[in-house]
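Worksheet: the structure to be examined is printed underneath.
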Amino acid sequence: MSDRASQDLRLLGLTLLALTAWRLTAAIHAQPELFFDEAQYWDWSTAPAWGYYSKPPMLAWLIALSTSLLGDSEFAVRAPSLVLYPLGAILLYFTTHRLLAWQPSLQAPGAPLWTALAYITLPVVALGSWLITTDAALLFFWSAALWALVRAIDLDRWRDWLLLGTLVGLGLLSKYTMIAFGIAALGWMLSESHQRQRLTTAKPFVALAISLTLFAPNLLWNIQHQFASFQHTAEISQLDRGLLHPGKLLEFFAAQFAVFGPLLFAVLVGLTLRPRRWRDQPTLRFLIWFAALPLAGFIGLALLSRAFANWAAFAYVAATPLVVIALLQHERRRLLMLALGLNLALGVVIYHYHDLARLAGIELTRKTDPYHRITGWRDFGTAVAAQLATHPEARLLCTDRDVITELLYYARPHSRPAYFWNLSGQVRSHYALMNDLGTAPNGTFLLVGGPGDPAFLRQHFASVTPLPEIIIPIHRDLTRRYSVFLVEGYRPAGGIRTSK
(Lines give C-alpha, C1' and ligand atoms only; values in the text may rest on other atoms or scores of the structure.)
Protein backbone atom coordinates (compact mmCIF):
# COMPACT_ATOMS: atom_id res chain seq x y z
CA MET A 1 0.00 0.00 0.00
CA SER A 2 1.37 3.41 -0.98
CA ASP A 3 2.05 6.20 1.49
CA ARG A 4 -0.81 8.21 -0.08
CA ALA A 5 -3.24 5.32 0.41
CA SER A 6 -2.13 4.86 4.02
CA GLN A 7 -2.64 8.55 4.71
CA ASP A 8 -6.04 8.50 3.07
CA LEU A 9 -7.11 5.50 5.15
CA ARG A 10 -5.98 7.18 8.36
CA LEU A 11 -7.87 10.33 7.42
CA LEU A 12 -10.95 8.28 6.54
CA GLY A 13 -10.79 6.38 9.83
CA LEU A 14 -10.52 9.59 11.86
CA THR A 15 -13.36 11.19 9.92
CA LEU A 16 -15.62 8.18 10.41
CA LEU A 17 -14.87 8.15 14.14
CA ALA A 18 -15.58 11.88 14.41
CA LEU A 19 -18.86 11.65 12.49
CA THR A 20 -19.98 8.65 14.54
CA ALA A 21 -19.14 10.45 17.77
CA TRP A 22 -21.10 13.50 16.57
CA ARG A 23 -24.12 11.42 15.65
CA LEU A 24 -24.04 9.58 18.96
CA THR A 25 -23.64 12.79 20.97
CA ALA A 26 -26.47 14.44 19.07
CA ALA A 27 -28.71 11.44 19.75
CA ILE A 28 -27.91 11.54 23.46
CA HIS A 29 -28.77 15.25 23.47
CA ALA A 30 -31.99 15.01 21.42
CA GLN A 31 -33.18 11.67 22.86
CA PRO A 32 -35.27 10.71 19.80
CA GLU A 33 -37.87 8.09 20.65
CA LEU A 34 -38.34 4.94 18.62
CA PHE A 35 -40.51 5.17 15.53
CA PHE A 36 -43.27 2.57 15.12
CA ASP A 37 -41.20 0.47 12.74
CA GLU A 38 -38.13 0.64 14.96
CA ALA A 39 -40.12 -0.56 17.97
CA GLN A 40 -41.51 -3.36 15.84
CA TYR A 41 -38.04 -4.45 14.72
CA TRP A 42 -36.95 -4.50 18.37
CA ASP A 43 -39.96 -6.66 19.26
CA TRP A 44 -39.10 -9.05 16.44
CA SER A 45 -35.55 -9.27 17.77
CA THR A 46 -36.82 -10.74 21.05
CA ALA A 47 -38.05 -13.80 19.13
CA PRO A 48 -35.53 -14.44 16.31
CA ALA A 49 -37.07 -16.26 13.37
CA TRP A 50 -36.48 -16.78 9.66
CA GLY A 51 -39.09 -14.23 8.69
CA TYR A 52 -41.61 -11.67 9.82
CA TYR A 53 -44.77 -10.23 8.36
CA SER A 54 -43.32 -7.32 6.42
CA LYS A 55 -39.57 -7.96 6.24
CA PRO A 56 -36.97 -10.71 6.10
CA PRO A 57 -35.10 -11.37 9.36
CA MET A 58 -31.65 -9.79 9.13
CA LEU A 59 -32.43 -6.53 10.92
CA ALA A 60 -34.10 -8.35 13.82
CA TRP A 61 -31.03 -10.57 14.13
CA LEU A 62 -28.71 -7.56 14.21
CA ILE A 63 -30.81 -5.86 16.89
CA ALA A 64 -30.85 -9.09 18.90
CA LEU A 65 -27.05 -9.10 18.76
CA SER A 66 -26.66 -5.44 19.74
CA THR A 67 -29.20 -5.58 22.57
CA SER A 68 -27.65 -8.78 23.95
CA LEU A 69 -24.38 -6.86 24.24
CA LEU A 70 -25.63 -3.38 25.16
CA GLY A 71 -29.06 -3.80 26.76
CA ASP A 72 -32.46 -2.63 25.53
CA SER A 73 -31.91 1.13 25.42
CA GLU A 74 -32.82 3.10 22.30
CA PHE A 75 -29.10 3.46 21.61
CA ALA A 76 -28.65 -0.32 21.74
CA VAL A 77 -31.57 -0.86 19.37
CA ARG A 78 -30.10 1.60 16.87
CA ALA A 79 -26.44 0.67 17.37
CA PRO A 80 -26.19 -1.51 14.22
CA SER A 81 -26.80 1.56 12.06
CA LEU A 82 -23.93 3.46 13.69
CA VAL A 83 -21.62 0.57 12.77
CA LEU A 84 -22.89 -0.58 9.36
CA TYR A 85 -22.81 2.74 7.52
CA PRO A 86 -19.13 3.49 8.34
CA LEU A 87 -18.23 -0.08 7.37
CA GLY A 88 -20.03 0.47 4.08
CA ALA A 89 -17.99 3.63 3.49
CA ILE A 90 -14.75 1.71 4.06
CA LEU A 91 -15.83 -0.98 1.60
CA LEU A 92 -16.62 1.70 -0.98
CA TYR A 93 -13.11 3.09 -0.52
CA PHE A 94 -11.56 -0.24 -1.50
CA THR A 95 -14.10 -0.85 -4.28
CA THR A 96 -13.35 2.51 -5.86
CA HIS A 97 -9.61 1.92 -5.55
CA ARG A 98 -9.90 -1.35 -7.43
CA LEU A 99 -12.29 0.06 -10.05
CA LEU A 100 -9.83 2.81 -10.97
CA ALA A 101 -7.34 0.09 -11.95
CA TRP A 102 -9.78 -1.06 -14.63
CA GLN A 103 -9.05 2.14 -16.50
CA PRO A 104 -5.42 3.24 -16.00
CA SER A 105 -5.95 6.33 -18.16
CA LEU A 106 -8.70 7.58 -15.84
CA GLN A 107 -7.49 10.60 -13.91
CA ALA A 108 -9.51 10.97 -10.72
CA PRO A 109 -7.00 11.73 -7.94
CA GLY A 110 -8.21 10.89 -4.46
CA ALA A 111 -11.42 9.26 -5.72
CA PRO A 112 -11.47 6.40 -3.14
CA LEU A 113 -11.25 8.80 -0.20
CA TRP A 114 -13.71 11.29 -1.67
CA THR A 115 -16.14 8.45 -2.41
CA ALA A 116 -16.09 7.20 1.16
CA LEU A 117 -16.48 10.74 2.53
CA ALA A 118 -19.32 11.50 0.14
CA TYR A 119 -21.14 8.29 1.05
CA ILE A 120 -20.93 8.74 4.83
CA THR A 121 -22.30 12.30 4.50
CA LEU A 122 -25.26 11.45 2.23
CA PRO A 123 -28.54 12.69 3.75
CA VAL A 124 -30.02 9.18 3.60
CA VAL A 125 -26.99 7.89 5.52
CA ALA A 126 -27.10 10.79 7.98
CA LEU A 127 -30.74 10.10 8.86
CA GLY A 128 -30.29 6.34 8.64
CA SER A 129 -27.41 6.45 11.13
CA TRP A 130 -29.80 7.96 13.67
CA LEU A 131 -32.46 5.31 13.18
CA ILE A 132 -32.63 1.55 12.75
CA THR A 133 -34.14 0.58 9.40
CA THR A 134 -33.76 -2.24 6.90
CA ASP A 135 -31.75 0.15 4.72
CA ALA A 136 -28.87 -0.04 7.19
CA ALA A 137 -28.44 -3.76 6.54
CA LEU A 138 -29.33 -3.58 2.84
CA LEU A 139 -26.88 -0.79 2.01
CA PHE A 140 -24.11 -2.54 3.93
CA PHE A 141 -24.56 -5.87 2.16
CA TRP A 142 -24.99 -4.09 -1.19
CA SER A 143 -21.68 -2.29 -0.57
CA ALA A 144 -20.03 -5.54 0.51
CA ALA A 145 -21.40 -7.46 -2.47
CA LEU A 146 -20.19 -4.74 -4.86
CA TRP A 147 -16.73 -4.99 -3.32
CA ALA A 148 -16.77 -8.79 -3.59
CA LEU A 149 -17.99 -8.70 -7.21
CA VAL A 150 -15.18 -6.37 -8.27
CA ARG A 151 -12.66 -8.65 -6.56
CA ALA A 152 -14.20 -11.70 -8.19
CA ILE A 153 -14.02 -10.06 -11.61
CA ASP A 154 -10.41 -9.01 -11.06
CA LEU A 155 -9.01 -12.12 -9.41
CA ASP A 156 -11.46 -14.82 -10.54
CA ARG A 157 -10.78 -16.85 -7.40
CA TRP A 158 -13.29 -19.31 -6.05
CA ARG A 159 -13.18 -17.73 -2.59
CA ASP A 160 -14.25 -14.34 -3.97
CA TRP A 161 -17.18 -15.82 -5.89
CA LEU A 162 -18.22 -17.83 -2.83
CA LEU A 163 -18.01 -14.67 -0.71
CA LEU A 164 -20.10 -12.81 -3.28
CA GLY A 165 -22.83 -15.45 -3.13
CA THR A 166 -22.82 -15.32 0.66
CA LEU A 167 -23.11 -11.53 0.76
CA VAL A 168 -25.94 -11.44 -1.78
CA GLY A 169 -27.78 -14.11 0.22
CA LEU A 170 -27.38 -12.09 3.41
CA GLY A 171 -28.59 -9.05 1.50
CA LEU A 172 -31.73 -10.93 0.45
CA LEU A 173 -32.30 -11.72 4.13
CA SER A 174 -32.08 -7.97 4.76
CA LYS A 175 -34.47 -6.68 2.11
CA TYR A 176 -35.97 -8.30 -0.96
CA THR A 177 -34.80 -5.48 -3.22
CA MET A 178 -31.32 -7.05 -3.02
CA ILE A 179 -32.52 -9.05 -6.02
CA ALA A 180 -31.76 -5.91 -8.06
CA PHE A 181 -28.05 -6.57 -7.43
CA GLY A 182 -28.23 -9.85 -9.31
CA ILE A 183 -30.17 -8.23 -12.15
CA ALA A 184 -27.63 -5.41 -12.45
CA ALA A 185 -24.68 -7.84 -12.36
CA LEU A 186 -26.25 -10.02 -15.03
CA GLY A 187 -27.09 -7.02 -17.21
CA TRP A 188 -23.55 -5.70 -16.94
CA MET A 189 -21.98 -9.06 -17.82
CA LEU A 190 -24.25 -9.47 -20.84
CA SER A 191 -23.52 -5.94 -22.04
CA GLU A 192 -19.72 -6.35 -21.88
CA SER A 193 -18.40 -8.63 -24.60
CA HIS A 194 -15.31 -9.63 -22.63
CA GLN A 195 -17.44 -10.54 -19.59
CA ARG A 196 -20.02 -12.75 -21.27
CA GLN A 197 -17.71 -15.73 -21.23
CA ARG A 198 -17.90 -15.71 -17.42
CA LEU A 199 -21.50 -16.86 -17.77
CA THR A 200 -20.21 -20.07 -19.36
CA THR A 201 -18.20 -20.92 -16.23
CA ALA A 202 -19.42 -22.44 -12.98
CA LYS A 203 -18.36 -19.72 -10.53
CA PRO A 204 -21.19 -17.20 -11.05
CA PHE A 205 -23.78 -19.99 -10.86
CA VAL A 206 -22.30 -21.43 -7.70
CA ALA A 207 -22.43 -17.93 -6.20
CA LEU A 208 -26.09 -17.73 -7.23
CA ALA A 209 -26.78 -21.14 -5.68
CA ILE A 210 -25.22 -20.03 -2.38
CA SER A 211 -27.31 -16.86 -2.25
CA LEU A 212 -30.51 -18.79 -2.96
CA THR A 213 -29.61 -21.42 -0.36
CA LEU A 214 -29.18 -18.74 2.29
CA PHE A 215 -32.48 -17.17 1.25
CA ALA A 216 -34.38 -20.48 1.21
CA PRO A 217 -35.32 -20.55 4.94
CA ASN A 218 -37.10 -17.21 4.56
CA LEU A 219 -38.93 -18.54 1.52
CA LEU A 220 -39.97 -21.57 3.58
CA TRP A 221 -41.18 -19.26 6.37
CA ASN A 222 -43.31 -17.40 3.85
CA ILE A 223 -44.77 -20.64 2.55
CA GLN A 224 -45.72 -21.58 6.11
CA HIS A 225 -47.31 -18.14 6.69
CA GLN A 226 -49.33 -17.67 3.50
CA PHE A 227 -46.53 -15.67 1.81
CA ALA A 228 -47.16 -12.82 4.25
CA SER A 229 -43.99 -10.86 3.45
CA PHE A 230 -44.43 -11.10 -0.30
CA GLN A 231 -48.09 -10.09 -0.06
CA HIS A 232 -47.18 -7.10 2.09
CA THR A 233 -44.53 -6.02 -0.43
CA ALA A 234 -47.09 -6.21 -3.23
CA GLU A 235 -49.68 -4.31 -1.17
CA ILE A 236 -47.43 -1.36 -0.29
CA SER A 237 -46.40 -1.07 -3.94
CA GLN A 238 -50.10 -0.71 -4.84
CA LEU A 239 -49.61 -2.10 -8.33
CA ASP A 240 -53.35 -2.76 -8.53
CA ARG A 241 -54.04 0.98 -8.74
CA GLY A 242 -54.91 2.65 -12.02
CA LEU A 243 -51.93 3.12 -14.30
CA LEU A 244 -49.84 6.26 -14.71
CA HIS A 245 -49.45 8.66 -11.79
CA PRO A 246 -47.20 11.48 -13.03
CA GLY A 247 -47.71 13.37 -9.77
CA LYS A 248 -46.31 10.46 -7.76
CA LEU A 249 -43.40 10.19 -10.19
CA LEU A 250 -42.54 13.87 -9.74
CA GLU A 251 -42.89 13.52 -5.98
CA PHE A 252 -40.51 10.55 -5.89
CA PHE A 253 -38.04 12.21 -8.26
CA ALA A 254 -37.98 15.45 -6.26
CA ALA A 255 -37.44 13.52 -3.03
CA GLN A 256 -34.22 12.04 -4.42
CA PHE A 257 -32.58 15.47 -4.16
CA ALA A 258 -33.02 15.14 -0.41
CA VAL A 259 -32.01 11.46 -0.28
CA PHE A 260 -28.74 11.70 -2.26
CA GLY A 261 -28.11 15.41 -1.77
CA PRO A 262 -29.17 18.30 -4.03
CA LEU A 263 -25.94 18.76 -5.96
CA LEU A 264 -24.93 15.11 -6.13
CA PHE A 265 -28.32 14.06 -7.50
CA ALA A 266 -28.28 16.87 -10.05
CA VAL A 267 -24.87 15.67 -11.25
CA LEU A 268 -26.08 12.06 -11.33
CA VAL A 269 -29.08 12.97 -13.48
CA GLY A 270 -26.96 14.99 -15.87
CA LEU A 271 -24.36 12.24 -16.13
CA THR A 272 -26.92 9.48 -16.69
CA LEU A 273 -28.67 11.41 -19.45
CA ARG A 274 -25.40 12.03 -21.31
CA PRO A 275 -24.11 8.55 -22.27
CA ARG A 276 -21.14 9.98 -24.15
CA ARG A 277 -19.71 10.88 -20.74
CA TRP A 278 -19.49 7.25 -19.66
CA ARG A 279 -20.15 4.74 -22.46
CA ASP A 280 -16.47 4.55 -23.44
CA GLN A 281 -15.27 4.20 -19.84
CA PRO A 282 -15.40 0.65 -18.37
CA THR A 283 -15.38 1.87 -14.77
CA LEU A 284 -18.31 4.24 -15.21
CA ARG A 285 -20.25 1.76 -17.35
CA PHE A 286 -20.03 -0.76 -14.52
CA LEU A 287 -21.25 1.73 -11.93
CA ILE A 288 -24.10 2.93 -14.16
CA TRP A 289 -25.64 -0.54 -14.08
CA PHE A 290 -25.74 -0.60 -10.27
CA ALA A 291 -26.92 3.00 -9.90
CA ALA A 292 -29.11 4.03 -12.81
CA LEU A 293 -30.85 0.68 -13.34
CA PRO A 294 -32.37 0.42 -9.81
CA LEU A 295 -33.20 4.12 -9.80
CA ALA A 296 -34.95 3.85 -13.17
CA GLY A 297 -36.90 0.87 -11.88
CA PHE A 298 -38.29 2.81 -8.94
CA ILE A 299 -39.05 5.84 -11.11
CA GLY A 300 -41.11 3.49 -13.27
CA LEU A 301 -42.80 2.06 -10.18
CA ALA A 302 -43.62 5.56 -8.96
CA LEU A 303 -45.26 6.29 -12.30
CA LEU A 304 -47.29 3.07 -12.26
CA SER A 305 -48.30 3.14 -8.59
CA ARG A 306 -46.08 4.68 -5.93
CA ALA A 307 -42.59 4.44 -4.45
CA PHE A 308 -41.36 5.82 -1.14
CA ALA A 309 -38.38 8.16 -1.24
CA ASN A 310 -35.96 5.75 0.46
CA TRP A 311 -36.78 2.71 -1.66
CA ALA A 312 -34.03 3.53 -4.15
CA ALA A 313 -31.44 4.30 -1.47
CA PHE A 314 -29.28 1.30 -2.39
CA ALA A 315 -28.77 2.77 -5.88
CA TYR A 316 -26.65 5.49 -4.30
CA VAL A 317 -24.02 3.00 -3.15
CA ALA A 318 -22.75 2.80 -6.74
CA ALA A 319 -23.95 6.30 -7.63
CA THR A 320 -21.54 7.79 -5.10
CA PRO A 321 -18.28 6.60 -6.74
CA LEU A 322 -19.88 7.21 -10.15
CA VAL A 323 -20.51 10.90 -9.43
CA VAL A 324 -17.26 11.41 -7.51
CA ILE A 325 -15.11 9.91 -10.26
CA ALA A 326 -16.93 11.92 -12.93
CA LEU A 327 -16.43 15.18 -11.04
CA LEU A 328 -12.77 14.57 -10.27
CA GLN A 329 -12.13 13.42 -13.82
CA HIS A 330 -13.28 16.83 -15.04
CA GLU A 331 -11.46 18.68 -12.26
CA ARG A 332 -14.63 19.73 -10.46
CA ARG A 333 -13.23 19.25 -6.98
CA ARG A 334 -14.73 22.50 -5.72
CA LEU A 335 -18.20 21.42 -6.81
CA LEU A 336 -17.64 18.10 -5.04
CA MET A 337 -16.56 19.88 -1.87
CA LEU A 338 -19.61 22.15 -2.08
CA ALA A 339 -21.88 19.11 -2.51
CA LEU A 340 -20.39 17.42 0.57
CA GLY A 341 -20.60 20.64 2.55
CA LEU A 342 -24.26 21.00 1.65
CA ASN A 343 -24.93 17.41 2.70
CA LEU A 344 -23.16 18.02 6.00
CA ALA A 345 -25.35 21.09 6.52
CA LEU A 346 -28.41 18.91 5.97
CA GLY A 347 -27.00 16.56 8.60
CA VAL A 348 -26.78 19.46 11.04
CA VAL A 349 -30.47 20.19 10.41
CA ILE A 350 -31.38 16.53 10.90
CA TYR A 351 -29.53 16.20 14.20
CA HIS A 352 -30.14 19.63 15.69
CA TYR A 353 -33.51 20.64 14.27
CA HIS A 354 -35.14 21.39 17.62
CA ASP A 355 -32.20 23.51 18.79
CA LEU A 356 -32.13 25.41 15.49
CA ALA A 357 -35.88 25.97 15.64
CA ARG A 358 -35.57 27.45 19.13
CA LEU A 359 -32.73 29.72 18.02
CA ALA A 360 -34.82 30.88 15.06
CA GLY A 361 -37.87 31.48 17.27
CA ILE A 362 -39.95 28.86 15.43
CA GLU A 363 -42.74 27.38 17.51
CA LEU A 364 -42.84 23.59 17.26
CA THR A 365 -46.22 22.41 16.01
CA ARG A 366 -47.56 19.44 14.12
CA LYS A 367 -46.52 21.14 10.88
CA THR A 368 -43.16 22.56 11.95
CA ASP A 369 -41.85 19.58 13.92
CA PRO A 370 -40.76 16.72 11.62
CA TYR A 371 -40.20 14.57 14.72
CA HIS A 372 -43.72 14.88 16.13
CA ARG A 373 -44.53 11.30 15.13
CA ILE A 374 -41.81 9.96 17.44
CA THR A 375 -42.64 12.21 20.37
CA GLY A 376 -44.65 11.32 23.46
CA TRP A 377 -44.29 7.55 23.36
CA ARG A 378 -42.17 7.35 26.53
CA ASP A 379 -44.86 9.14 28.54
CA PHE A 380 -47.56 7.04 26.92
CA GLY A 381 -45.71 3.83 27.74
CA THR A 382 -45.16 4.93 31.35
CA ALA A 383 -48.89 5.63 31.77
CA VAL A 384 -49.91 2.27 30.29
CA ALA A 385 -47.28 0.42 32.35
CA ALA A 386 -48.80 1.99 35.49
CA GLN A 387 -52.25 0.73 34.52
CA LEU A 388 -50.94 -2.76 33.81
CA ALA A 389 -49.14 -2.77 37.17
CA THR A 390 -52.39 -1.76 38.87
CA HIS A 391 -54.22 -4.61 37.11
CA PRO A 392 -51.64 -7.43 37.09
CA GLU A 393 -54.23 -9.94 35.94
CA ALA A 394 -54.75 -8.03 32.68
CA ARG A 395 -52.86 -8.53 29.44
CA LEU A 396 -52.24 -5.73 26.97
CA LEU A 397 -54.68 -5.55 24.05
CA CYS A 398 -54.53 -3.12 21.12
CA THR A 399 -56.27 -2.61 17.79
CA ASP A 400 -53.56 -0.52 16.11
CA ARG A 401 -50.18 -1.78 14.93
CA ASP A 402 -48.41 1.48 15.76
CA VAL A 403 -49.79 1.55 19.30
CA ILE A 404 -48.91 -2.06 20.13
CA THR A 405 -45.34 -1.72 18.85
CA GLU A 406 -44.67 1.43 20.88
CA LEU A 407 -46.22 -0.06 24.02
CA LEU A 408 -44.33 -3.34 23.71
CA TYR A 409 -41.16 -1.28 24.04
CA TYR A 410 -42.13 1.66 26.25
CA ALA A 411 -44.51 -0.13 28.63
CA ARG A 412 -41.91 -2.71 29.64
CA PRO A 413 -41.79 -4.88 31.70
CA HIS A 414 -45.59 -5.09 31.91
CA SER A 415 -46.35 -5.13 28.18
CA ARG A 416 -46.02 -8.86 27.63
CA PRO A 417 -47.92 -10.82 26.64
CA ALA A 418 -49.69 -8.49 24.23
CA TYR A 419 -52.54 -9.29 21.87
CA PHE A 420 -54.02 -7.72 18.77
CA TRP A 421 -57.76 -7.34 18.27
CA ASN A 422 -58.11 -7.45 14.50
CA LEU A 423 -61.24 -5.41 13.85
CA SER A 424 -60.82 -5.42 10.08
CA GLY A 425 -60.51 -9.19 9.84
CA GLN A 426 -57.63 -8.77 7.36
CA VAL A 427 -54.03 -9.69 8.12
CA ARG A 428 -52.20 -6.40 7.60
CA SER A 429 -49.54 -6.51 10.30
CA HIS A 430 -47.22 -8.88 12.11
CA TYR A 431 -49.49 -8.74 15.15
CA ALA A 432 -52.62 -9.67 13.23
CA LEU A 433 -50.63 -12.65 11.96
CA MET A 434 -48.89 -13.75 15.17
CA ASN A 435 -50.66 -12.14 18.15
CA ASP A 436 -54.32 -12.43 17.25
CA LEU A 437 -56.71 -12.19 20.19
CA GLY A 438 -58.54 -15.25 18.94
CA THR A 439 -55.56 -17.43 19.86
CA ALA A 440 -55.98 -16.61 23.59
CA PRO A 441 -59.45 -15.13 24.09
CA ASN A 442 -59.94 -16.01 27.75
CA GLY A 443 -59.08 -13.79 30.70
CA THR A 444 -58.82 -10.07 31.35
CA PHE A 445 -57.30 -7.50 29.00
CA LEU A 446 -56.32 -3.85 29.18
CA LEU A 447 -57.61 -2.47 25.89
CA VAL A 448 -55.60 0.63 24.97
CA GLY A 449 -56.37 2.90 22.05
CA GLY A 450 -59.19 0.81 20.66
CA PRO A 451 -62.84 1.69 20.05
CA GLY A 452 -64.00 4.18 22.68
CA ASP A 453 -67.67 3.20 22.55
CA PRO A 454 -68.61 1.03 25.58
CA ALA A 455 -71.77 -0.16 23.82
CA PHE A 456 -69.73 -1.49 20.91
CA LEU A 457 -67.27 -3.18 23.25
CA ARG A 458 -70.07 -4.94 25.13
CA GLN A 459 -71.02 -6.66 21.89
CA HIS A 460 -67.64 -8.40 22.01
CA PHE A 461 -66.78 -8.71 25.70
CA ALA A 462 -68.78 -10.00 28.65
CA SER A 463 -67.39 -7.30 30.94
CA VAL A 464 -66.35 -3.76 30.03
CA THR A 465 -64.96 -1.31 32.61
CA PRO A 466 -63.94 2.20 31.47
CA LEU A 467 -60.67 3.54 32.93
CA PRO A 468 -59.31 7.11 32.80
CA GLU A 469 -58.32 8.26 29.33
CA ILE A 470 -54.60 8.70 28.74
CA ILE A 471 -53.77 12.19 27.47
CA ILE A 472 -50.28 13.03 26.18
CA PRO A 473 -49.77 16.69 25.15
CA ILE A 474 -47.15 17.08 22.40
CA HIS A 475 -47.56 20.58 20.97
CA ARG A 476 -50.12 23.34 21.17
CA ASP A 477 -52.00 21.80 18.25
CA LEU A 478 -51.20 18.16 18.93
CA THR A 479 -52.38 16.00 21.82
CA ARG A 480 -52.51 12.21 21.84
CA ARG A 481 -55.64 10.74 23.47
CA TYR A 482 -56.17 7.06 24.11
CA SER A 483 -59.21 5.39 25.58
CA VAL A 484 -58.52 2.64 28.11
CA PHE A 485 -60.89 -0.18 29.11
CA LEU A 486 -60.60 -3.24 31.28
CA VAL A 487 -62.36 -5.94 29.28
CA GLU A 488 -63.01 -9.59 30.00
CA GLY A 489 -64.64 -12.55 28.29
CA TYR A 490 -63.98 -12.02 24.59
CA ARG A 491 -66.87 -13.19 22.43
CA PRO A 492 -65.74 -13.51 18.82
CA ALA A 493 -69.17 -14.88 17.92
CA GLY A 494 -70.44 -11.35 18.44
CA GLY A 495 -69.22 -10.57 14.94
CA ILE A 496 -66.47 -8.41 13.60
CA ARG A 497 -67.07 -4.96 12.30
CA THR A 498 -64.93 -1.92 11.89
CA SER A 499 -65.44 0.84 14.40
CA LYS A 500 -63.59 3.97 15.33
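The values are calculated or read from the model by the stated rules, or taken from the named source; none is laboratory data. The structure displayed is predicted, hence computed values, not measured ones. Because the Cβ atoms are built from the backbone with ideal geometry, glycine has one as well, and the counts that use them run over all protein chains shown. For accessibility, only protein heavy atoms count, side chains too; no ligands or nucleic acids. Shrake-Rupley method; radii C 1.70, N 1.55, O 1.52, S 1.80 Å.
Worth pointing out:
- Filter result for PHE257 (in a helix (DSSP H, G or I), farther than 25 Å from TYR93 by Cβ and modelled with pLDDT under 95): no
- LEU356 being in contact with a helix residue (DSSP H, G or I) (Cβ under 7 Å, 6 or more places away or on another chain), within 23 Å of LEU100 (Cβ to Cβ) and either open to solvent by less than 50 Å² (accessible area, probe 1.4 Å) or part of a helix (DSSP H, G or I) (or both): no
- Among the candidates PRO80, PRO56, PRO48, residue that is open to solvent by 40 Å² or more (accessible area, probe 1.4 Å) and farther than 18 Å from PHE260 by Cα: PRO48
- Looking only at segment 296-309, and only at residues there that are closer than 18 Å to THR134 by Cα and in contact with a helix residue (DSSP H, G or I) (Cβ under 6 Å, 6 or more places away or on another chain), the one that is surrounded by the fewest Cβ atoms within 10 Å (Cβ to Cβ): ALA309
- Hits in segment 390-441 (condition: of a type in the set (Val, Ile, Thr), out of contact with any Gly (no Cβ under 7 Å at 6 or more places or on another chain) and either part of a loop (DSSP other than H, G, I, E, B) or open to solvent by less than 10 Å² (accessible area, probe 1.4 Å) (or both)): ILE404, THR405, VAL427
- Considering the conditions (1) of a type outside the set (D, E, K, R); (2) assigned to a helix (DSSP H, G or I); (3) over 14 Å from PRO56 (Cα atoms), SER193 is excluded by exactly one of them, (2).
- Criterion violated by THR213 - all others in (1) over 29 Å from the mean Cα position of the chain (by Cα); (2) open to solvent by 40 Å² or more (accessible area, probe 1.4 Å) satisfied: (1)
- LEU9 open to solvent by less than 50 Å² (accessible area, probe 1.4 Å) and more than 30 Å from ALA216 (Cα to Cα): yes
- Helices (runs of 4 or more DSSP H) within segment 66-138 that include 1 or more residues closer than 23 Å to ALA309 by Cα, touching a helix residue (DSSP H, G or I) at 6+ places or on another chain (Cβ under 8 Å) and β-branched (Val, Ile, Thr): 111-120, 123-128
- Failed condition for ARG277, given (1) within 15 Å of ALA315 (Cα to Cα); (2) among the basic types (Lys, Arg); (3) modelled with pLDDT under 95: (1)
- From ALA47, ALA76, residue being without any contact (Cβ under 8 Å) to a residue 24 or more places away in the chain, under 30 Å from LEU433 (Cα atoms) and under 18 Å from the mean Cα position of the chain (by Cα): ALA76
- Checking each residue in segment 329-353 for being among the hydrophobic types (A, V, I, L, M, F, W, C), touching a residue at least 60 places away in the same chain (Cβ under 8 Å), in contact with a helix residue (DSSP H, G or I) (Cβ under 8 Å, 6 or more places away or on another chain) and open to solvent by 40 Å² or more (accessible area, probe 1.4 Å) picks out LEU335, LEU338, LEU342, LEU346.
- Residue count for segment 117-127, restricted to those that are open to solvent by less than 10 Å² (accessible area, probe 1.4 Å) and either out of contact with any Gly (no Cβ under 9 Å at 6 or more places or on another chain) or among the charged types (D, E, K, R) (or both): 0
- Here the condition is being farther than 25 Å from PRO246 by Cβ, out of contact with any Pro (no Cβ under 7 Å at 6 or more places or on another chain), open to solvent by less than 10 Å² (accessible area, probe 1.4 Å) and part of a helix (DSSP H, G or I); of ALA326, ALA291, it holds for ALA326 alone.
- Answer residue from segment 85-116, given it is free of Cβ contacts under 8 Å to residues at least 60 places away in the same chain and either open to solvent by less than 30 Å² (accessible area, probe 1.4 Å) or within 25 Å of GLN256 (Cβ to Cβ) (or both) and is farthest from the chain's Cα centre (by Cα) among those: LEU91
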